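Asks: First, the structure itself, so that you have it in front of you.
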Amino acid sequence: MRILKGGIAFFDSGIGGMTVLAECQKRCKGEIFYYYGDNKHAPYGNLPPAKIRRYVEKAFRKFRRLKVKAVVVACNTVTALCVDELRKKYPFPIIGAEPALYTAAKRGGEIFALVTRATYKSERFQRLLAETARRYPAAKVSAYPCDLLAGMIESHITDPEFCYERYFPSGEPNGVVLGCTHYIYIKEAIAAFYQCATYDGNAGIAKQLCATLQKQTNANKRSGKKSKKGQKRVEKGAFFGIFFLGSGKKGNKRLYKQMFVL
């Protein structure tokens, strides 16, 4: 199958980023999308940073060949470890996935941030924690690296009977931040377990992507270039407007159809 160029790419270690893709697809009509899921190496959260960077580079070289409009790093771990490096290296806009700490902390009280081990240990996340404490002193944010949770979601997402609660930290928070896009699949289970509000960054990512695309459109108009939208062509070459790439492309296509289309 020929892959059309000039679309918007989404990257994740596995299935987690499809929650972001689904949110963005609602808002960005008539665009070409790529979803690159590196399921073979998922989850990234417990891998050494050097390995993560190597896997990410492979995907981004693919995106460069596809002449993408923008890339959404739909993975908190990759954002925390290397989004700044990627922005320096590649010419296209790169949007990251950040834990929604500010949104949760505005209300004060005890906030749990559920993240991966790699995110927890990253300088970027530690700076975010410190800045959240400075901005919102009425909130107490406790970060928990949930070492097994993303892997369990990756393996058991189609099993409605699987019990994820054994992987949740104990406590009675006033709010829970989902600092991994995998966790959004079980958002309702987390909310029910803690009996409080949960927060994720998907809506913010979609809003930022729309703003980025609008900025490109405005720049093209000023320079006399025509914006490329290929929905009519996409229908012939992609599933639901999406080209699935990476080691998990077949399984991710099936899961996206099951969870976000049907």
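Asks: Using the structure shown, list the pairs from Lys88/Lys250; Lys5/Lys249; Lys58/Lys89; Lys67/Lys225 with a Cα-Cα distance above 20 Å, or answer none.
Replies: Where the Cα-Cα span goes over 20 Å, the pairs concerned are Lys88/Lys250.
Asks: Right, another one. Determine, for Asp200, Asp12, the number of other Cβ atoms within 10 Å of each Cβ, and report the residues in order from fewest to most.
Replies: The order, fewest Cβ neighbours first, is Asp200, Asp12.
Asks: OK, next. Jot down the radius of gyration and Dmax of the range 110-262, Cα atoms only, both in angstrom.
Replies: 19.5, 57
Asks: Next up: Within the P(r) computed for the range 1-110, what percentage of the Cα pairs occupies the region above 15 Å?
Replies: 64 percent
Asks: Per 10 Å bin from zero, what fraction in whole % of the C-alpha pairs of the range 82-164 is there, up to the bin with the longest pair?
Replies: It works out to 16, 35, 32, 16, 1, in whole percents.
Asks: Also, I was wondering about something else. Quote to one decimal, in nm, the extra length available between Gln195 and Ser170 on full extension: 0.36 nm per residue of separation minus the C-alpha distance between them.
Replies: 7.8 nm
Asks: Could you work out the relative contact order of the chain? I mean the mean sequence separation of Cα pairs under 8 Å and 6+ apart, divided by the number of residues, in percent.
Replies: The normalised contact order for the chain reaches 27 percent.
Asks: Note down the relative contact order for the range 67-126 as a percent, whole number, built from C-alpha pairs under 8 angstrom at least six residues apart.
Replies: 40 percent
Asks: When DSSP beta bridges are limited to those with both residues in the chain, what percentage is antiparallel, rounded to the nearest 5?
Replies: If we restrict to bridges inside the chain, about 5 percent are antiparallel.
Asks: In Å, the Kirkwood hydrodynamic radius of the chain over pairs of distinct alpha carbons?
Replies: The Cα-based Kirkwood calculation yields 18.8 Å.
Asks: Quick test of the membrane-span-like rule: which DSSP H helices of the chain reach at least 30 Å along their long axis (C-alpha atoms) with mean Kyte hydropathy at least -1.0?
Replies: What comes out of the filter, once short or polar helices are dropped, is 202-223.
Asks: Next up: So how far apart, in nm, are the two label points at Cys163 and Ser223 if each is 7 Å from Cα heading toward Cβ?
Replies: Result: 5.8 nm between the two label points.
Asks: If you don't mind, another one. Is it possible to state the helix-based mean residue ellipticity at 222 nm for the chain, with each DSSP H run of 4+ residues giving -39500 (n - 2.57), the sum divided by total residues, to the nearest 500 deg cm²/dmol? What is it?
Replies: Calculated at 222 nm, the ellipticity per residue is -13500 deg cm²/dmol.
Asks: Of Ala100, Val20, Ala59, which is farthest towards the positive pole of the range 1-151's charge dipole, taken about the Cα centre with +1 and -1 on the beta-carbons of Lys, Arg and Asp, Glu respectively?
Replies: The residue sitting farthest along the positive end of the dipole is Ala59.
Asks: For the range 1-17 and the range 104-156, compute the distance between their C-alpha centroids and round to whole Å.
Replies: 27 Å
Only the coordinates and a few stated rules stand behind these numbers; no lab work does. If you're wondering where the values come from, they're calculated on a predicted model, not measured in any experiment. Neighbour counts are summed over all protein chains in view; Cβ atoms, including those assigned to glycine, are modelled from backbone coordinates with ideal geometry.
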